[in-house]
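The values are calculated or read from the model by the stated rules, or taken from the named source; none is laboratory data. These figures come from a predicted structure and were not determined experimentally. Please note: Cβ atoms are built from the backbone with ideal geometry, for glycine as well, and neighbour counts cover all protein chains shown.
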Amino acid sequence: MIMKRAFADIAEGQVHYWYAQAPARSVSNIPLVVLHPGPGTARHQVPLLDVLSQSLRVIAPDLLGMGDSAPPRADIPAPDLGYFADANWRFLDSIGVTHCALMGSSLGGRTAVEMALQQPARVKGLVLNRIMMIAGEDLNEMKAKHAPEVMPDQTGEYVSFVWNRMRALSTYFPWFKQDAAHMRKTDLPPAETMHVSFVEHIKMCKTSHKAFTAYWNYPIAEKLKGLVVPVMCRAETTGFVANATTWVPPFEGDPLTAQPGQLTSLAAPVIDYIKNLKA
């Protein structure tokens with residue numbers, strides 16, 4: 001693994017991020033900023049980042065309130081996704097990144113979309129993985145149950161909740177519908193992998209819900225139609241984005257549990273797409 005870790009200062013505190021400098025045989029001078037889904041952190045993306053970093057300069061921050069990054073401002077009780085996107089731009093400013101390509105899935109995908117809308121001149125390309133369109137009662141249920149605020153208690157019940165949610169995320173979607181109809185039909189990850197994931201989940205349990213509240217309230221279909229940057233995305237998203245390039249990701253799971261061949265096949269079209277972008 002060639003990825004390294006660092007912290008950068010913004011007004012809210014420090015942003016934790018993983019990075020690798022451009023390799024000697026870099027295919028592009030455009031850095032790739034990878035924004036993680038959730039519940040999760042940039043740590044879950046490290047195996048994929050490691051493969052991408054063999055061809056590209058890669059940067060992957062923990063979103064505010066997640067992983068080891070500072071929480072959102074206390075005087076903004078319900079920050080919207082515009083706030084999280086702006087924080088990412090301020091983070092990139094602090095490390096001297098003037099332009100980039102963005103890659104994101106789920107929460108990270110929506111944040112990447114908002115970043116591209118805020119500062120399109122700086123975004124040379126956008127790679128979107130899972131962009132779920134949820135509405136009605138399904139949306140209300142996800143708001144209430146998927147990523148609630150979890151406060152520490154002296155009995156340790158919160159630890160059990162975080163562990164069980166993290167474990168269930170591996171085998172069900174949504175995790176709180178634990179029946180055959182919602183089963184992912186995959187094995188549990190190895191115990192060591194589950195431990196790594198649990199550590200990431202437990203340290204952000206008090207604050208990650210703020211990003212998810214912003215996620216659920218973000219009008220993604222409307223926002224996608226406003227994009228003016230080059231976009232590569234799944235077929236189900238291309239109908240919302242003018243002139244998008246269709247992408248069929250060959251691997252659907254968590255990079256922490258992926259085999260090397262799966263990561264290589266997932267990274268290859270991303271690398272090919274970015275090397276053809278105009279700086």
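Cβ separations smaller than 7 Å between residues 6+ apart or across chains give the following pairs from region 168-191 residues that are at negative phi and hydroxyl-bearing (Ser, Thr, Tyr) to residues that are surrounded by 12 or more Cβ atoms within 10 Å (Cβ to Cβ) and assigned to a helix (DSSP H, G or I): 172/182.
Taking region 255-279 as the range and being in a helix (DSSP H, G or I), touching a residue at least 60 places away in the same chain (Cβ under 8 Å) and hydrophobic (A, V, I, L, M, F, W, C) as the test, the residues that pass are 256, 263, 266, 267, 270, 271, 274. Those strands (runs of 3 or more DSSP E) of region 11-93 in which 1 or more residues are touching a residue at least 60 places away in the same chain (Cβ under 8 Å) and either more than 16 Å from the chain's Cα centre (by Cα) or over 15 Å from residue 104 (Cα atoms) (or both) occupy 13-20. Every condition in (1) outside any loop (DSSP other than H, G, I, E, B); (2) surrounded by fewer than 24 Cβ atoms within 10 Å (Cβ to Cβ) holds for residue 97 except the one numbered (1). In region 31-57, the residue that is surrounded by the fewest Cβ atoms within 10 Å (Cβ to Cβ) out of those that are among the hydrophobic types (A, V, I, L, M, F, W, C) and more than 16 Å from residue 197 (Cα to Cα) is 51.
Within the group 60, 70, 78, which residue is surrounded by fewer than 19 Cβ atoms within 10 Å (Cβ to Cβ) and aliphatic (A, V, I, L, M)? Only one candidate passes the filter, namely 78. Do you know which residues across region 23-64 are closer than 19 Å to residue 124 by Cβ and of a type in the set (Lys, Arg)? Within region 23-64, just 57 meets the criteria.
Considering only residues that are farther than 20 Å from residue 123 by Cβ and touching a Ser or Thr at 6+ places or on another chain (Cβ under 8 Å), look in region 222-266 and name the one that is surrounded by the fewest Cβ atoms within 10 Å (Cβ to Cβ).
235
Looking across 220, 202, one residue alone is within 19 Å of residue 42 (Cα to Cα) and either of a type in the set (Phe, Trp, Tyr) or in contact (Cβ under 8 Å) with a residue 12 or more places away in the chain (or both). It is 202. Of the residues making up region 13-40, those that are within 27 Å of residue 146 (Cα to Cα) and at pLDDT below 95 are 37, 38, 39, 40. Scanning region 9-30 for residues that are surrounded by 24 or more Cβ atoms within 10 Å (Cβ to Cβ) and of a type outside the set (Phe, Trp, Tyr) gives a single hit, 15. Identify the residue in region 93-121 that is touching a strand residue (DSSP E or B) at 6+ places or on another chain (Cβ under 7 Å) and not hydrophobic (A, V, I, L, M, F, W, C) and, among all such residues, is farthest from residue 219 (Cα to Cα). Going through the qualifying residues, I end up with 94. Just so you know, in region 101-124 the residues that are more than 16 Å from the chain's Cα centre (by Cα) and outside any helix (DSSP H, G or I) include one that is surrounded by the fewest Cβ atoms within 10 Å (Cβ to Cβ), and it is 119. Considering (1) more than 14 Å from residue 271 (Cα to Cα); (2) in contact with a Ser or Thr (Cβ under 6 Å, 6 or more places away or on another chain); (3) β-branched (Val, Ile, Thr), the lone condition that residue 97 does not fulfil carries the number (2).
The residues of region 108-147 include none that are of a type in the set (Ser, Thr, Tyr) and within 18 Å of residue 247 (Cα to Cα).
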